[in-house]
Structure formats: C-alpha cells, structure tokens
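Asker: Could you have a look at this structure, given as structure tokens, before my questions?
None of the figures in this text is laboratory data; all of them are computed from the coordinates on show. Worth saying up front: this structure is predicted, and the values here are computed from it rather than measured. So basically every Cβ, Gly included, is an ideal-geometry build from the backbone, and we count neighbours across all protein chains shown.
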Amino acid sequence: MASKPAILNLSAFTEGLARVGEFGSFVGDFFKRFWRPPFEWKEVWRQMDEVGVKSFLLTAVTGLAIGVVLAMQSRGTLARFGAEAVLPKMLALSLVKEIGPVFTSLVLAGRVGAGIGAEIGSMRVTEQIDALEVGSLKPYNYLVITRVIACVVMFPILTVWADAIGLFGGFMESYIVGNVDYRVFFASAFDSLTFPDIIVDTGKTAIFGFIVASVSSFLGYTVRGGTREVGQAAMQSVVTSILLILVADVIVVAVSLALFAPD
Amino acid sequence: MEAARSDETLRPATADGHAGPAWPLGKPWPEAQPLGSGPPPDDIMIEFRDLYKSFGEKHILRGVTMAIPKGVSTVIMGGSGTGKSVTIKHVVGLLKADQGEVWVHGENVDELSKDGLDQLRLKIGFLFQSGALFDSMTVYEQMDFVLKRHTDLDADGRKDRIMETLEWVNLPKTTSQYPSELSGGQRKRIGLARSIILQPDIMVYDEPTTGLDPISVRVVSNLINRLRDERGITSMTITHDLLCAEMISDHVFYLLDGVYAESGTLAEVAQSDKPEIREFFGDEYAMMFKTVRDGA
Ligand SMILES: Nc1ncnc2c1ncn2[C@@H]1O[C@H](COP(=O)(O)OP(=O)(O)OP(=O)(O)O)[C@@H](O)[C@H]1O
Ligand SMILES: [Mg+2]
C-alpha cells in the first residue's frame, strides 16, 4: 500500500469520496429520524451536562485569556493614535463577532469532539452499538441525535458565557492599567453591538456544534478494528471538526455580510 | 413436511430439569428447503439456505445450509476464526448475506423492513461473545432500559422482573455496579441476563461459558437447559467448551472451510471421519464415546 506513488493513489481518493458520501447519508439520517420516537430526553439532558456544564471552566479560562490579551495588545496600538477610548468598543466587537464564537468552538471541538469520537468508537468496537441494535433500542437516536442536540444547544450558550467573561477580562485590564470606570467601559462596549449582530454571530456556533457532534459521532460510529482505531477516530474527530468549523465560519460570515450588509 | 407437530417437539419439563429430546429421537434431522421456496414449515425456527458471506478477499461462509426446529438446543463448534460468530449474526440481521437466505420465525431476515427487523429482534435474545454491556449504565439500569422501552411494566413490575432474571444467573447483588466493576465471568452472565429479560423464543449464545469457572459453567449450562425446558426456547450456542456442549447440546453443527461439514449428536460429530474434526475433539474424547457406545 505504502509503496504506491501517491499521485496514482486513485483508490485513496475514491475511498475519501465514498466516506464523504457516507457522512452525507449519516447526516441525512439525523433529519429523518429526529422527528420520530424514541425521544431520548433524559439522555439529551445528560449529554448537555457532559458537553456544557463540564466545559464551563474551560470556556471561562479561554474567554478570560482572550479578553485580557486582546485588551493589552490593542491598548498600545490605539494609544499611538490617541484612540484609547474606543478600546471597549473594539474589544466588544472583535470578541462577540468573531474571536469569541470561533475560539470557543475550536476549544470545544477539542474537548467534545475527542470525547464523542472516543466514546462512540469504543462502543462500536466493544459491540455495544450492535447490542443496542439487536435489542431494537435504536442506537442512532440514543447516541447520535442526543449528542447533536446537546452540542447545538450548548455551543451558543457557552459562547455567550465566554464572550461575557472575555469582556470582563478586558475590563479588568483597563481598570488595572487605566482605572476605567465600569459604567463607562460597559456602556461604550455595548453601544457598538447591535442585537442582530449578537444573534447571528452567536447563533453560528450552533452550526459549529452541529459540525462537531455529527462529524465526531460519524467517525466513532463507523470505526472498524480495535483500540488503535478508536484513538485515531478521536484524533480525526478533532482535526476534521476544526477544519470544518473554519470553513463554515468563512461561509457563514460571507453569507451574513451579503444578507445584512452594513451601510 | 407435515406441520402442527409443535406440541410433541416441546419437551416436557421434568423434576430434575433433565428432559428428553425436543426433536424426537430417531426422527431424521430436518433438511433446509431449497432457495426461493418461501417460508420453511412452522416447526422450523431458523433456517439457512446456501448462505455466502465474504469480507473483501476473505470468503468466510461458503454455502451454509441448516434447519433448526423449535425448542431444540443446537451447538455450533469449529476452529477459531472460522466464521461461527459471523453465522449467528445473520440470525439477527447484524450482517447481511452476500448470497442465500436466512429464515427466522418464518421471515426472510434480509427482506424485512427496518421496523419488521426490530419486531423480529424482540423475539430473539442475543448474547455477544464480549458481553457487550453498556458501559455508562449500572447493571440495573441496563436491564431497566430494555424493559422500559419494550414493555408496559410499571416500576415495581420491572424491578421484580430484573431481580428474578438476576437470580437466574446467580448475581442478584450486582444491581448497582457498573460493568467495569464486574469480573469477566460476571459480565458474561449479566449479558446473558440482559438478553433473556424480554423472554424471547429464540436465544443465540456466543460462547456463553468462556472464561467461567467450572461451577459457573454448570450454572450457565443449566440455565440454558431450563430456558429450553421451561419456556420452549430454541437456541443456537457457539461453544468450545466440551462440558457445556455435553450438557446442553441436542444437536451439533461443526463449521469447517465455510460450510457446516458435520452435523449430529455430540458423540456422532466427535467421531467424525474428518481429520480436522478429530483433532478438534482429540482422539481420547472420541474414544470415550466409542467406549460408552460399545459398552452399552
Ligand atoms: N465485520 C467484519 N469485517 C471484516 N472481517 C470480519 C468481520 N467479522 C468477522 N470478520 C472475519 O471473519 C472471520 C471469522 O470471524 P468470526 O468472528 O465469525 O470467528 P469465530 O468462528 O467466531 O471465531 P472465535 O471462535 O475465535 O470467536 C475472521 O477472520 C474475522 O476477521
Ligand atoms: Mg466468535
């Protein structure tokens, strides 16, 4: 296999295409089965806890670090133009519109994607998914749909949380360095944000959550082999999720700019 | 083949739990019907017709044909990696035949709709070789999960059923334990309990006694016999364990080179002319049967 020249490796290419097709029908199943029982609300709840509550600290640290660093970095540049006063505005805009959603989603892709890929993958290789299947227990509903819903709901919530912590971090920096009054800081920060901005830019993380959960579930669900393959599936879940998040971000931003072009 | 013989094929339960053959002694073992001839007779629960299955270049099953009558305990033997697990996975539709037909409960498994297959699966208990317990649930939770989904029992009714089933496998005290806290043999037995909890009419056991101590082997083998005798369950059991095979087998199929090359009672199969099968049992084992037979 390895001895074949890469350029002639057509079979790898067609195999890749086949995988993409498989993923397409896997996602298609989500939309087909989502509406039909069994509805695993208890498991959705448990997954929300798993995805969300257990990521609060991680996303808080992420948000805080971004907020503080962004404030420190921008301060110097803005000072040179005598524009320190716009710091809160700039901070709020870059945090809420882009850095918060994307950073949070990327960090979550690492934690949640690896978790889903590894858990579902090991259930596959230990025949637990087959056991669910044979027990007429609808493993797709139980394992995949629940995780997708949990991620779609929790990613935006965690993003808002990280944005808030980030803004707070930026304020702390401004307070320590420039002794800025909190009323001035936050009034200026929120002044720059419009409600549609917040909705669209936070809402796009629901798409990122969908990507992370569906990609990772797919890679776990279709593992063949043993523990080594499960490890690979977990790794691929993270890598693929990150790449797709970045691609999706470009698309979402382009589309939203076309639709709600700022004048 | 005439139907409506199901009453006499069901063995009566006897006081010592030991019973006569379900398929009356001396009656020739049933033949599978030809491909394309529709459902098998009513008293045949499982039928394979010229089944082929390959994985890539690996041709695992090459023309498997067999019929299994109601209420009979059959044992599948054969070397490691020859395709025994692959065979039984066709019964529950986990694998699809490349060619040939699999009939279970009068239905062609490969032609069932998704819902039809789910309905059929509810009548079949399947014990996986690995146990396949759900890691994220305690023993109680995984049994309750199955009952909640597929029965109308209330919480008390489910609890009674779970405790009764755990008694069957002699592990009533494990309810709150997670699979990772159980020993390999315990996991096997919980897997067994979970697979019988819906009271199926067909049981498929993949190596139910592997890794168990001799006492547990007898417990599990007796359990398999009780299920057959008291509930009239039809079963297919894969086992390498001669003690278990001796205790439970009404009929043995031996898989060799992709076909079930030998079929008969354990004694008949052990005395096969085929060198590979003789080697599997060992000459002494075959001799033992011969001595018993000649002495009798
Ligand atoms: N899903 C699969 N994909 C590819 N190959 C498979 C698959 N399932 C089984 N095989 C192959 O089929 C062959 C037979 O496997 P099977 O599990 O039926 O063996 P077995 O007779 O049950 O052996 P053992 O006694 O060791 O359990 C093996 O070579 C295995 O690698
Ligand atoms: Mg096997």
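Asker: Quick one: helix A:195-221 against the long Cα principal axis of chain A, what's the angle to the nearest 10°, folded into 0 to 90?
Answerer: 30
Asker: Nearest 10 degrees, 0 to 90: what angle lies between the long axis of helix A:41-51 and the longest principal axis of chain A (Cα atoms)?
Answerer: With rounding to tens, the tilt is 60 degrees.
Asker: Helix-derived [θ] at 222 nm for the protein assembly as shown: sum -39500 (n - 2.57) over DSSP H runs of at least 4, divide by residue count, nearest 500? Spell out each step's value before the answer.
Answerer: Values: 22 runs with 306 residues, N = 559.
Computed ellipticity for the protein assembly as shown at 222 nm equals -17500 deg cm²/dmol.
Asker: Related question: Report D for region B:206-296 in µm² per second (integer): Stokes-Einstein, Kirkwood Rh on Cα pairs, 10 °C, 1.306 mPa s. Intermediate results must be reported in sequence, preceding the final value.
Answerer: Values: Rh = 14.1 Å.
Estimated diffusion coefficient is 113 µm²/s.
Asker: So how long is each side of chain A along the principal axes, counting just the alpha-carbon atoms, biggest first, in Å?
Answerer: 66, 50, 36
Asker: Still on this model: Give the residue list of chymotrypsin sites (Phe, Trp or Tyr not before Pro) in region A:48-119 that are DSSP loop and have at most 14 other beta-carbon atoms within 10 angstrom. Don't skip to the end; give the middle numbers.
Answerer: Details: sites: A:PHE56, A:PHE81, A:PHE103; in loops: A:PHE81.
Passing both the DSSP loop test and the Cβ count: A:PHE81.
Asker: Then there is this: Counting only other chains, what is the mean number of Cβ atoms within 10 angstrom of the Cβ of each residue in peptide A:123-131? Display every interim value, and only then the final one.
Answerer: Details: counts 4, 0, 1, 8, 11, 10, 1, 8, 13.
Partner Cβ neighbours, averaged per residue: 6.
Asker: With a 10 Å Cβ neighbour count serving as the proxy for reagent exposure, in which order, fewest first, do A:SER216, A:SER74 appear?
Answerer: Working: A:SER216 32, A:SER74 19.
Fewest-to-most Cβ neighbours within 10 Å comes out as A:SER74, A:SER216.
Asker: If you fit an axis through the alpha-carbon atoms of helix A:146-178 and take the longest principal axis of the Cα set of chain A, what angle between them do you get, 0 to 90°, nearest 10?
Answerer: 20
Asker: A follow-up question, please. Calculate the translational D of region A:207-255 in whole µm² s⁻¹ from Stokes-Einstein, where the hydrodynamic radius comes from the Kirkwood formula applied to all Cα pairs, the temperature is 25 °C and the viscosity 0.890 mPa s.
Answerer: 217
Asker: Over all residues in B:132-139, what is the mean tally of Cβ atoms on other chains that come within 10 Å of each residue's Cβ? Present the calculation step by step, with values, prior to reporting the outcome.
Answerer: Values: counts 10, 4, 8, 5, 5, 0, 0, 0.
Rounded to a whole number, the mean comes out at 4.
Asker: Sticking with the crude label model, points 7 Å out along Cα→Cβ, report the distance from B:GLU284 to B:ILE215 in nm, one decimal please.
Answerer: 2.6
Asker: B:GLU57 to B:GLU230: extension gain in nm, 0.36 nm per residue of separation minus the Cα-Cα distance? Could you put the intermediate results ahead of the total?
Answerer: Details: separation 173, 0.36 × 173 = 62.28 nm, distance 4.41 nm.
Here the answer is 57.9 nm.
Asker: What does the structure give for A:134-146 when I average, per residue, the other chain Cβ atoms found within 10 Å of the residue Cβ?
Answerer: Details: counts 17, 18, 14, 7, 3, 0, 0, 0, 3, 0, 0, 0, 0.
That average works out to 5.
Asker: Okay, next question. Taking neighbour Cβ counts within 10 Å as the exposure measure, how do A:LYS97, B:LYS84 sort from fewest upward? Write down the numbers at each step before the final one.
Answerer: Values: A:LYS97 19, B:LYS84 26.
Sorted ascending by nearby Cβ count, the order is A:LYS97, B:LYS84.
Asker: What relative contact order, as a whole-number percentage, does region A:111-263 give when Cα pairs under 8 Å and 6 or more residues apart are counted? The partial results should precede the final answer.
Answerer: Numbers: 142 pairs, mean separation 67.8, N = 153.
Averaging sequence separation for qualifying contacts and normalising by length gives 44 percent for region A:111-263.
Asker: Another question, then. Quickly rank B:48-61, B:200-213 as a protection proxy: mean count of other C-beta atoms within 10 Å, highest first. Walk me through the numbers before you get to the answer.
Answerer: Numbers: B:48-61: 16.5, B:200-213: 21.3.
Put in order of decreasing packing, that is B:200-213, B:48-61.
Asker: Further question: Take the Cα coordinates of region B:39-131, assign each an equal point scatterer, and use the Debye formula without solvent to give log10 I(q)/I(0) at q = 0.12 Å⁻¹.
Answerer: Cα-only, vacuum Debye calculation for region B:39-131: -0.36.
Asker: Estimate the FRET efficiency between A:ALA18 and A:GLU229 by the formula 1/(1 + (r/R0)^6), using the beta-carbon distance for r and 22 Å for R0, to the nearest 0.05.
Answerer: Working: r = 18 Å, r/R0 = 0.80.
So, using R0 = 22 Å, E works out to roughly 0.80.
Asker: Taking the Cα centre of region B:38-195 as the origin and placing charges on Cβ (Lys, Arg +1; Asp, Glu -1), which of B:GLY125, B:GLY191, B:ILE162 is farthest toward the positive end of the dipole?
Answerer: Value: B:GLY191.
Asker: Right, here's the next one. Post the alpha-carbon centroid distance, region B:215-251 to region B:123-186, in whole angstrom.
Answerer: 20
Asker: Rg and Dmax of the protein assembly as shown over Cα atoms: what are they, in angstrom?
Answerer: Just the Cα atoms of the protein assembly as shown yield Rg and Dmax of 30.5, 111 Å.
Asker: Can I ask one more? At q = 0.11, 0.15 Å⁻¹, what base-10 log of I(q)/I(0) does the Debye formula yield for chain B when every alpha carbon is treated as an equal point scatterer in vacuo?
Answerer: -0.67, -1.26
Asker: Moving on to the next point. Rounded to the nearest 0.05, what FRET efficiency do A:VAL61 and B:GLU167 have when you use their Cβ-Cβ distance and R0 = 51 Å?
Answerer: Details: r = 51 Å, r/R0 = 1.00.
That gives a FRET efficiency of 0.50.
Asker: Continuing with this model, one more query. If the elastic network links every pair of Cα atoms under 10 Å, which of A:ARG19, A:ARG147, A:ARG75 fluctuates the most in the Gaussian network model of chain A?
Answerer: A:ARG19
Asker: Scan around B:LEU256 for amide H atoms under 5 Å from its own, H built in the peptide plane at 1.01 Å from N, and keep only partners 5 or more places away or cross-chain.
Answerer: B:ALA261
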